[in-house]
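Q: First, the structure itself, so that you have it in front of you.
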Amino acid sequence: MTSKKLSNKPVGVIGAGSFGIAIANILAQNVEVLLYARDPEVINKIANTKEHRGQKIHTNVTATGDLSYIANSCNVLFPIVPSSAFREMMQQLSPYLHPYHILIHGTKGLDISLPKGQTLDTVKSLAREDVRTMSEVIMDESVVVRVGCLAGPNLAKELYAGHPAATVVASHFDEVIDAGERLLRNDLFQVYSNKDLIGIELAGVLKNIIAIASGVLSGMGHGENAKGLLISRGMVEMIYLGKAMGGDVTAFLGLAGIGDLVATCNSTLSRNFTVGYKLAQGMTLDEILKSMEEVAEGVNTIKIVKKIIDHQKVRAPITEALHEVLFEGLSVERAINMLMRYPYNVDIDFI
């Protein structure tokens, strides 16, 4: 597919959440964009005011509620919906997709397949084949093969404000990476490439766990030494988990790993950081989730990854401690004390 062919058709973004709108606005600087939203009120508001969630929408963005229209009009689609709704969205979109489509998703979560009658709370453990990244869901549910993902330090409010930023487009296919670079890159938004699709997806997913822990530390009033300790040990834990799930170490050492981890562990704009911060302030998980307009993917990721840990016997003390805090009644003070006594023997042992 040539750049000329890409520019002759609009590009689709599926999902009108904060990150979906931010990506739509970035794309709109280079190409016409069709933005899919389920809510007719959202579609009408964007059409009439060119605003949503308090943010201005680029004039090159047109909202639609018709999946068949967006699929038939666009060769390249960016699905950006919560992981809990991603498979259902793909099942609805799939009848309109063809092998020529390119899908580059921006969802940092996991999908699970459970035995009949089981729930995530009742199942004892999860094997790798029970857990799917969003690229795997796309290929499960459609004829599309040319799949990629976006990952990196991409806080939506900073993207709205036009601050310098960058992302990684990961795919096994050069033409997917090329399409992502041509469509997204501008003077203030850089695009890097990576062939380790699974590793880059997992980096974006697993960093949300550490971001919750960072929010806890900040909410407790602990300083930068503690945060430096958390981020460094969190990166090691991400690599252990990522390798166990099929990613390569190098995926975690660049923008989608270290870059995204540092951004989300230091920003009050991060939904996952906010969950941890409010936990440390004494709010219950139910109260926190009810107070949030959008999904904090890290909460469900902790539940899923804890089941993977139980199956794989992977060393992941931060994830296990957070699981106890969120779902088993452990206090944040006790969790921090447990982690400080954890018997780490060496600093780095994965290279």
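The values are calculated or read from the model by the stated rules, or taken from the named source; none is laboratory data. All values reported here derive from a predicted model rather than from experimental measurement. Virtual Cβ from ideal backbone geometry, glycine too; neighbours counted across all protein chains shown. Accessible surface areas use protein heavy atoms only, side chains included; no ligands, DNA or RNA. Shrake-Rupley method; radii C 1.70, N 1.55, O 1.52, S 1.80 Å.
Q: Where the only charges are on Cβ atoms (+1 Lys, Arg; -1 Asp, Glu), what is the dipole of segment 1-118 about its Cα centre, to the nearest 20 debye? Mind showing how you got there, number by number?
A: Details: 11 positive and 7 negative charges, 44 e Å.
I would put it at about 220 debye.
Q: What FRET efficiency would be calculated for the residue pair Gln281, Val123, taking the C-beta separation as r and a Förster radius of 22 Å, to the nearest 0.05? Could the numbers behind the result be given before it?
A: Working: r = 32 Å, r/R0 = 1.44.
Efficiency for this residue pair is about 0.10.
Q: Pick out which of Lys306, Lys124, Lys50 has the largest mean-square fluctuation in a Gaussian network model of the chain, springs linking Cα atoms closer than 10 Å.
A: Among Lys306, Lys124, Lys50, the largest GNM mean-square fluctuation belongs to Lys124.
Q: When ligands, DNA and RNA are left out and all protein chains stay put, how many square angstrom of accessible area per residue does the chain have with a 1.4 Å probe? Walk me through the intermediate numbers first.
A: Values: 15230 Å² over 351 residues.
Solvent-accessible surface per residue comes out at 43 Å².
Q: Here's another thing I want to ask about it. Calculate for the chain the 222 nm mean residue ellipticity that helices alone would give, adding -39,500 (n - 2.57) per DSSP H run of length 4 or more and normalising by residue count, nearest 500 deg cm²/dmol.
A: Numbers: 16 runs with 171 residues, N = 351.
That calculation yields -14500 deg cm²/dmol at 222 nm.
Q: How many nm separate the modelled label positions at His98 and Lys303, each set 7 Å beyond the Cα in the direction of the Cβ?
A: Label at His98, label at Lys303, 4.0 nm between them.
Q: How much FRET efficiency would the formula 1/(1 + (r/R0)^6) give for Glu333 and Lys157, where r is the Cβ-Cβ distance and R0 is 30 Å, rounded to 0.05?
A: 0.45
Q: Compare the Cα positions of Met235, Ser142, Ser218 along the charge dipole of segment 84-235 (+1 at Cβ of Lys, Arg; -1 at Cβ of Asp, Glu; about the Cα centre) and return the one farthest towards the positive end.
A: Ser218
Q: For the chain, which DSSP H helices look membrane-span-like by this rule: Cα extent along the axis of 27 Å or more and mean Kyte-Doolittle of at least 0.0? Mind showing how you got there, number by number?
A: On the way: long enough: 197-219 (34 Å, 1.63); 224-244 (30 Å, 0.28).
Helices meeting the criterion: 197-219, 224-244.
Q: While we're looking at this one, here's another question. Given the C-alpha centroids of segment 221-268 and segment 38-117, what is the distance between them in whole angstrom?
A: 29
Q: If you don't mind, another one. Using a Gaussian network for the chain with springs between C-alpha atoms less than 10 Å apart, which of these wobbles most: Lys207, Lys303, Lys290?
A: Fluctuation is largest for Lys290.
Q: Find which of Ala179, Gly109, Val332 sits farthest along the positive direction of the dipole of the chain, computed with +1 on the beta-carbon of Lys and Arg, -1 on that of Asp and Glu, about the Cα centre.
A: It is Ala179.
Q: Let me ask something additional. Using a 1.4 angstrom probe on heavy atoms only, work out the carbon and sulfur share of the accessible area of segment 259-304 in %. Mind dumping the intermediate values first?
A: On the way: 1020 of 2060 Å².
Of the solvent-accessible surface of segment 259-304, carbon and sulfur hold 50 percent.
Q: When a/c reaches 1.5 or more, the comparison of a/b and b/c decides; with that in mind, is segment 112-177 rounded, prolate or oblate per its Cα gyration tensor? Display every interim value, and only then the final one.
A: On the way: a/c = 3.33, a/b = 1.65, b/c = 2.02.
It comes out oblate by the Cα gyration axes.
Q: Can you give the net charge of the other residues whose Cβ lies under 12 Å from the Cβ of Leu150, counting K and R as +1 and D and E as -1?
A: Values: positive: Lys108; negative: Glu181, Glu201, Asp260.
With Lys, Arg at +1 and Asp, Glu at -1, the neighbours total -2.
Q: Would you calculate the separation in nanometres between label points at Glu136 and Arg53, each defined as 7 Å from the Cα along the Cα-to-beta-carbon direction?
A: Label-label distance for Glu136 and Arg53, simple model: 2.7 nm.
Q: Work out the length of the dipole vector of the chain about its Cα centre, built from +1 on the beta-carbon of each Lys and Arg and -1 on the beta-carbon of each Asp and Glu, and round it to the nearest 20 debye. Intermediate values should be presented prior to the final figure.
A: Numbers: 33 positive and 37 negative charges, 32 e Å.
In debye, rounded to 20, the chain gives about 160.
Q: Restricting to the chain, compute how many DSSP beta bridges are antiparallel as a %, nearest 5.
A: Once the DSSP bridges in the chain are tallied, antiparallel ones form about 30 percent.
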